[in-house]
Amino acid sequence: INGINSVCQATNGITFSIPAIPNATGYVWQLPSGATGSSTTNSITVDFDANAVSGEIKVWGTNTYGGGGMSKLWINLIPTPAAPVISQNINVLTSSASLGNQWYDNNGIIVGATDSVYTANSNGDYYSIVTVNGCSSDTSNIVNLTIESIRQTAMPTTQIYPNPVSNQITIILPNATEAVQFQIINTLGQIVEQG
């Protein structure tokens, strides 16, 4: 049987086929549990539901004299990861999935943003999709972030200069009554300095 032998659960439209069998007037296909499809030809398109399990696809040719020899292909079903849940702490977004994250914003994929935590530095909608063993989850919840309102709430009297900076930056927090931690984040969302 020609076709892929590793399939993600909840995948549709996977085609399997065998070469035409001489003198066959029809074909019988058997699919593993959770797989659906129907064909009397030498090819079949199969849908695998979210609960599909690994098993064999079997096929044999038939004619007026009965069925012929059987061909088999073992199909390994790979579980689809659960959609992550995103939580927000000011502009720091955290995925419930510890591995396999890819972050997205209004412009699509955020290159290099694959950790479970992402620090956003611009307005927009953010979400994550988790991929494990080549299988991708559904989209997480979408978090709408407005940096201006975060800055006004978190740092109402903060002064930071100069901008742009090359060697030294000054951060003034006149209302701070205790030590304050800071992070400087580049445009890729990476921490370049903290203290």
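The values are calculated or read from the model by the stated rules, or taken from the named source; none is laboratory data. Note that the coordinates shown come from a computational prediction; the quantities given were computed from them, not determined experimentally. Here the Cβ is made from the backbone with ideal geometry for all residues, glycine too, and neighbour counts use every protein chain on show. Protein only, heavy atoms only, side chains kept; ligands, DNA and RNA dropped before computing areas. Shrake-Rupley method; radii C 1.70, N 1.55, O 1.52, S 1.80 Å.
Skipping prolines and chain starts, which residues have an amide H placed within reach, meaning under 5 Å, of the one on ILE78, given they are 5 or more residues away or on another chain?
VAL7, CYS8, GLN9
Looking at the chain as a GNM with Cα springs under 10 Å, which of GLY37, GLY67, GLY100 has the largest mean-square fluctuation?
It is GLY67.
Plugging the Kirkwood radius over Cα pairs into Stokes-Einstein for the chain, at a temperature of 37 °C and a viscosity of 0.692 mPa s, what D comes out in µm²/s? All intermediate terms of the calculation are to be shown ahead of the outcome.
Values: Rh = 21.1 Å.
My calculation gives 155 µm²/s for D.
Roughly how many Å² is the accessible area per residue of the chain, as a whole number, for a 1.4 Å probe?
62
Give me, ordered by chain and number, the residues 5 or more places off ALA97 or on other chains with an amide H under 5 Å from its own placed amide H.
So ALA97 has HN proximity to VAL85.
Show me the chymotrypsin sites (Phe, Trp or Tyr not before Pro) within the stretch 90-195 that DSSP assigns to loop and that have at most 16 other Cβ atoms within 10 Å of their Cβ. Write out the running numbers ahead of the final one.
Details: sites: TRP103, TYR104, TYR118, TYR126, TYR127, PHE182; in loops: PHE182.
For chymotrypsin sites (Phe, Trp or Tyr not before Pro) across the stretch 90-195 that sit outside H, G, I, E and B with at most 16 neighbouring Cβ atoms in 10 Å, the list reads PHE182.
Using a 1.4 Å probe on the protein chains only, how many percent of the accessible area of the chain belongs to carbon and sulfur?
50
For the stretch 1-99, just the Cα set please: Rg and Dmax, both in angstrom.
Answer for the stretch 1-99, Rg first and Dmax second: 19.2, 73 Å.
What does the convex hull of the Cα atoms of the stretch 92-195 come to per residue, in Å³, rounded to a whole number?
Measuring per residue, one finds 133 Å³ for the Cα hull of the stretch 92-195.
Calculated from DSSP H runs of 4 or more alone, at -39500 (n - 2.57) each and per residue, what is the 222 nm mean residue ellipticity of the chain, nearest 500?
That comes out to -1000 deg cm²/dmol.
With springs only between Cα atoms under 10 Å apart, run a GNM on the chain and tell me which of THR177, THR15, THR62 wobbles the most.
Result: THR177 has the largest fluctuation of those listed.
Using a Förster distance of 45 Å, how high is the FRET efficiency between SER166 and ASN76, based on the Cβ-Cβ distance and rounded to 0.05? Intermediate values should be presented prior to the final figure.
On the way: r = 54 Å, r/R0 = 1.21.
It comes out at approximately 0.25.
Have a look at GLN102, TYR161, THR119 and report the one farthest towards the positive end of the charge dipole of the stretch 71-195, computed about the Cα centre with Cβ charges (Lys/Arg +1, Asp/Glu -1).
Ranked along the dipole, the leading option is GLN102.
Taking a spot 7 Å from the Cα of THR158 along the direction of its beta carbon, which residues of the stretch 111-138 have an amide N less than 18 Å from it?
Backbone N within reach: 118-124.
Please compute the length gained on full extension between GLN88 and THR64, using 0.36 nm multiplied by the number of residues separating them and subtracting their Cα-Cα distance. Each step should come with its number before you reach the end.
Details: separation 24, 0.36 × 24 = 8.64 nm, distance 6.63 nm.
In short, 2.0 nm is gained.
Gaussian network model of the chain, Cα springs within a sub-10 Å range: biggest mean-square fluctuation belongs to which of ASN123, ASN106, ASN23?
Checking each option, the largest mean-square fluctuation is seen for ASN23.
Please give the charge dipole size of the stretch 87-195, origin at the Cα centre, charges +1 on K and R Cβ atoms and -1 on D and E Cβ atoms. Round to the nearest 20 debye.
Result for the stretch 87-195 is approximately 100 debye, rounded to the nearest 20.
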